Amino acid sequence: MKVIHSMFFFVLSIRFKTLRAQDDCSNATTCIECLTTETCGAWAVGSCLSDCDMVADAPCYDATTFPNLSAEETCQAANDTDADAALCASQTDCTTCTATVFTDNTTTCQWNVNGNFCASACGLAGCGVYTCQDVACDGLSACEECLDSPPCAWVMPLEGCLPSCSAIADVSCYTNETFPNKTSQESCQAIADASNDSSLCANQTDCGACTGTVLSDGNTTCQWFPDGDYCASGCDMTGCGVYTCQINACDGLSCEDCLANSDEACAWVPVEGCLSSCGIIADTACFAAIDYNASQVCEILAPSGNATSGNMPTSDGEMTFSTIFGAMISSLLIVTAASLLMLQ
């Protein structure tokens, strides 16, 4: 029982001393007063404590923080650190944050990319960056936000933010320098217009409809690319398209007229008819006007029925046996004729 009483009074005396020390520390209202009070020795968040173990997640200064400095010098360093922290916290964007210099005239604030805030040191959220080039552009989901964070680049039609245009190819990419005389809001509107124009033109399937489609500027039209047979809002890797449709002089010509029109480089293809060249069709016999004449081709192909007119024989209903047989004979004669001509 005596042992228990002794332990009780021992714990009680320690608790009393601790409370007394805390009372003594709370009376110290300045850093220098705190660090020179015998029962204290720790200054944190503008308060005096008995030791730094009593506070977490905040800067705390005691004799071990700067072992080579006096109490006065330690308190000056503490004041400078608090001032730097407040200065950094007032910055709201990466550029001004990383350009803000500490009281030591050397160190700058850090921009925390994930939390989108400025700080004077690393914290629970990790460390920030000292240059805006290190900003995680892929975390920016809006066009204006992306362009306002150089060197980030906005990509369409993916609608994403990348570190730079060099990070991607074969798509439209924009930076804050793409439209030097526009604000980010105006630039993003221009980007949206360009994307809409691209989609509008891509939906056009023939030259006439393509070149007759006006873009968002109310003046320019889509371009038709005859080699690729597609419509686009501007030039691309293959070059530029045309704004006016040229009439194909070969369309609708008979076999004789087709091969007689060597100036237009027409070509006769059995069943298909007269085309602008053999380069637009494959896996079938094709006779170019510059290589053959009507007497060589048309007279030989004539026995194949309607082969010279570009139409296979069909009936109004289902194909009869005689029709199918005739088509087979026509195909055989075409292949034979082509082989004979190529041997000449």
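The values are calculated or read from the model by the stated rules, or taken from the named source; none is laboratory data. Only a predicted model underlies this, so the values are computations on that prediction, with no experimental measurement involved. Cβ: placed from backbone, ideal geometry, glycine included. Neighbour counts: every protein chain shown. Note: accessible area is taken over every heavy atom of the protein model, side chains too, but ligands, DNA and RNA are not part of it. Shrake-Rupley method; radii C 1.70, N 1.55, O 1.52, S 1.80 Å.
So how do 28-34, 170-176 stack up, highest first, on mean other-Cβ count within 10 Å?
On the way: 28-34: 17.7, 170-176: 15.9.
Packing order, densest peptide first, comes out as 28-34, 170-176.
Run through the stretch 227-301 and list the GluC sites (Glu not before Pro) located in a DSSP loop whose Cβ has at most 14 other Cβ atoms within 10 Å.
Answer in residue order: GLU272.
Please list log₁₀ I(q)/I(0) at q = 0.11, 0.16, 0.19, 0.21 Å⁻¹ for the stretch 26-148, using the Debye equation with identical point scatterers on the alpha-carbon positions.
Each listed q corresponds, in turn, to -0.47, -0.80, -0.98, -1.10.
Of all GluC sites (Glu not before Pro) in the stretch 151-207, which ones are in loop regions per DSSP and have a Cβ with at most 12 other Cβ atoms within 10 Å? Show your work: numbers first, answer last.
On the way: sites: GLU159, GLU177, GLU186; in loops: GLU159, GLU177.
Here the GluC sites (Glu not before Pro) that fit, given the DSSP loop and packing criteria, are GLU177.
Can you give me the solvent accessible area of ASP62 with a 1.4 Å probe, rounded to the nearest 10 Å²?
So the heavy atoms of ASP62 present about 30 Å² to solvent.
So how do MET237, MET54, MET156 rank on accessible area, 1.4 Å probe, biggest first, that is with the largest at the start? Walk me through the intermediate numbers first.
Details: MET237 165, MET54 95, MET156 20 Å².
Descending order: MET237, MET54, MET156.
Quick one: if you stick a label point 7 Å off each Cα along the C-beta vector at ALA63 and GLU186, how many nm between them?
Each label point lies 7 Å from its Cα, and together they span 6.5 nm.
Over the stretch 241-280, average the accessible area per residue using a 1.4 Å probe and give it in Å², no decimals.
On the way: 2240 Å² over 40 residues.
Roughly 56 Å² per residue, with all protein chains present.
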